[in-house]
Amino acid sequence: MEQKHVCLVCGKSFTEGQGIILTIADRKLEFHSKSCAYKFLKEVIMNSEKDCISSPLKDVYKKYSDLLDKREKIEKKI
């Protein structure tokens, strides 16, 4: 029998293998769709203190910026 989950945002139920399930700060977050996950996580970020997220934001931004630069360099070589 497949395990059932309930979306934290809209309450829709979904089975194992569907939706998005994250564990953050020892809390299991279950979302039936990426739009519900986006809505929840956006609100968490917008309600977070600037000092709390500035360092992780800077690190992740740099990571993806560097990856984009590498892709652009590879495309120029082709």
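The values are calculated or read from the model by the stated rules, or taken from the named source; none is laboratory data. Remember, predicted model here, so these are calculated numbers, not experimental data. All Cβ positions, glycine included, derive from the backbone under ideal geometry; neighbour counts span all protein chains shown.
The figures follow:
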item	result
Top-ranked residue in segment 13-49 [being touching a strand residue (DSSP E or B) at 6+ places or on another chain (Cβ under 7 Å) and assigned to a helix (DSSP H, G or I); ranked as surrounded by the most Cβ atoms within 10 Å (Cβ to Cβ)]	Ala37
Scan of segment 13-27 for residues that are within 19 Å of Lys42 (Cβ to Cβ) and not β-branched (Val, Ile, Thr), ordered by number	Gly19, Leu22, Ala25, Arg27
Any pair with Cβ under 8 angstrom, 6 or more apart, that starts in segment 1-12 at a residue that is surrounded by fewer than 16 Cβ atoms within 10 Å (Cβ to Cβ) and ends at one that is hydroxyl-bearing (Ser, Thr, Tyr) and part of a strand (DSSP E or B)	Glu2/Thr15; Gln3/Thr15; Lys4/Ser13; Lys4/Thr15; Val6/Ser13
Test: Ala37 is at pLDDT 95 or above, out of contact with any helix residue (DSSP H, G or I) (no Cβ under 6 Å at 6 or more places or on another chain) and among the aliphatic types (A, V, I, L, M)	yes
